[in-house]
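All remarks here apply to the structure that follows.
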Amino acid sequence: MNLSSILPRPRKLTVTALAACLLATAACGGGSGDTPATQQEPRATVRLALDWVPNTNHAGFYLAKAKGLYEKAGIDLRILPYSDAPSDTVVSAGQAECGVTAPPFASISIAKGGKETIVMPVVQKPLGSLAVPADSKYQRPADLDGATYGGFGSAGDEELIKAIIRQDGGKGDFTYVNLTSGTTEALFAGRVDFINAYVNNQPILAELRDKPLRVFPYADFGIPSYPGVVVACNNEWLEQNGDTAKRFVAASADGWEAAQADPESAAQTLIDENPGGFATDEAKEAQRRSLAKMAADGLIVNEQGRAGCLAVDQLDALGKHLTEIGFYEASGVDPAPDFTKIATSAYQPEACATS
């Protein structure tokens, strides 16, 4: 992540502006087929900025699009290429209506003037963990006192890791080494003793390479449970397009629920829609195993089997915890953001009210 401890964020491509497609909702099925073109409603364009190269955290959006769920909702979804600019910056600048992000990133962006609001969860739980080789001497976070951590120098990283080690009874004393890339490579080369790993990513790749990891999930060591990946949308767009926002969230939620029901198909759709990103058999298998794990471990839908239902109280608890451990202070944010003001459940699917 970077914040390497919550979500890595390498940058490579450039965001491009995409033109709106004026296809009619009546042409998307469900119509009689004899509605004059002049009476058809144009579909609303929604540009979705990704926070990283396409991966399983985005699979539900690709599946919803492939199934025509956005089309049926009267939406022309455009998934923008992964960008040099953070998705929060892209959304705040109005270059995308919505973007995939992580709550800590979004909250820092908004605290520094970003014009966006969190509207839906994507991944239901934190993904972050500390990781060591499975055959190492480190059995728990407290054992990491005196060890060397490989990260990317993100503000707040050290505070977060110290808090996790201290929660487990350690002192939180470790050496921080800045890496430019390849955290797992640095780990297995012995240059560092532990790294940040996402439970649906690096451990799976390591297992495929016969180099298993031992992980210490953040949620087991003092971090409140919260949606680890979310969607935030541009404030002005939300104010002017509330109904479109609701239809976008509902269609996205349906896509993620379909991914929960059939993670194999969701993985295959992700692969098919991004052939350049998954060129090897290992890369393809990693996506299949990742989505299967997400479905099995409750990362896609909540306990009621619903996607898209935003628990603002969980985000509020996260914000208070990050404030207490000095995360926001280290990130140059003062005062700390209030998640009850920067996240809303107003656009979530109607089914969430009864779930």
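The values are calculated or read from the model by the stated rules, or taken from the named source; none is laboratory data. These numbers were taken from a predicted model, which means no experiment stands behind them. Neighbour counts run over all protein chains shown; Cβ positions are idealised from the backbone, glycine included.
Of note:
- A count restricted to segment 216-237 and to residues that are more than 17 Å from residue 298 (Cα to Cα) and surrounded by fewer than 22 Cβ atoms within 10 Å (Cβ to Cβ) stands at 5.
One line per residue, one yes/no per condition, for (1) closer than 16 Å to residue 100 by Cβ; (2) modelled with pLDDT under 95; (3) of a type outside the set (Asp, Glu); (4) in contact with a Gly (Cβ under 6 Å, 6 or more places away or on another chain):
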site: 236; (1), (2), (3), (4): no, no, no, no
site: 250; (1), (2), (3), (4): no, no, yes, no
site: 256; (1), (2), (3), (4): yes, no, yes, yes
site: 260; (1), (2), (3), (4): no, no, yes, no
site: 265; (1), (2), (3), (4): no, no, yes, no
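- Pick from segment 273-288, criterion in contact (Cβ under 8 Å) with a residue 24 or more places away in the chain and in a helix (DSSP H, G or I), ranking: farthest from the chain's Cα centre (by Cα): 282
- Answer residue from segment 137-152, given it is in contact with a strand residue (DSSP E or B) (Cβ under 7 Å, 6 or more places away or on another chain) and small (Gly, Ala, Ser) and is farthest from residue 177 (Cα to Cα) among those: 147
- The single condition among (1) more than 30 Å from residue 304 (Cα to Cα); (2) not in a helix (DSSP H, G or I) that residue 232 does not satisfy is (1).
- Of all residues making up segment 321-336, the number that are assigned to a helix (DSSP H, G or I) and under 16 Å from residue 110 (Cβ atoms): 4
- All conditions but one from (1) in a loop (DSSP other than H, G, I, E, B); (2) under 21 Å from residue 191 (Cβ atoms) apply to residue 125; the one that does not is (2).
- Residue in segment 68-89 that is out of contact with any His (no Cβ under 9 Å at 6 or more places or on another chain), aromatic (Phe, Trp, Tyr) and either modelled with pLDDT of 95 or more or closer than 16 Å to residue 245 by Cα (or both) present: yes
- No other residue among 141, 133, 54 is crowded, with 23+ Cβ neighbours inside 10 Å, in contact with a helix residue (DSSP H, G or I) (Cβ under 9 Å, 6 or more places away or on another chain), in contact (Cβ under 8 Å) with a residue 40 or more places away in the chain and not hydrophobic (A, V, I, L, M, F, W, C) apart from 141.
- Evaluation of residue 322 against (1) more than 13 Å from residue 226 (Cα to Cα); (2) modelled with pLDDT of 95 or more (one fails), failing number: (1)
- Segment 301-319 - residue that is without any contact (Cβ under 8 Å) to a residue 40 or more places away in the chain and part of a helix (DSSP H, G or I) and, of those, nearest to residue 242 (Cα to Cα): 312
- Checking 244, 280 one by one, the residue that is of a type in the set (S, T, N, Q) and more than 25 Å from residue 74 (Cα to Cα) is 280 and no other.
- On the stretch given as segment 97-113, residues that are within 16 Å of the chain's Cα centre (by Cα) and part of a loop (DSSP other than H, G, I, E, B) total 1.
- Elements of type helices (runs of 4 or more DSSP H) contained in segment 44-96, each with 2 or more residues being within 15 Å of the chain's Cα centre (by Cα): 59-66, 87-92
- Consider segment 62-111 and keep the residues that are under 30 Å from residue 330 (Cα atoms) and of a type in the set (Phe, Trp, Tyr). The one that is surrounded by the fewest Cβ atoms within 10 Å (Cβ to Cβ) is 82.
- Within segment 337-355, the residues that satisfy the criterion of being polar (S, T, N, Q) and either within 18 Å of the chain's Cα centre (by Cα) or assigned to a loop (DSSP other than H, G, I, E, B) (or both) are 344, 345, 348, 355.
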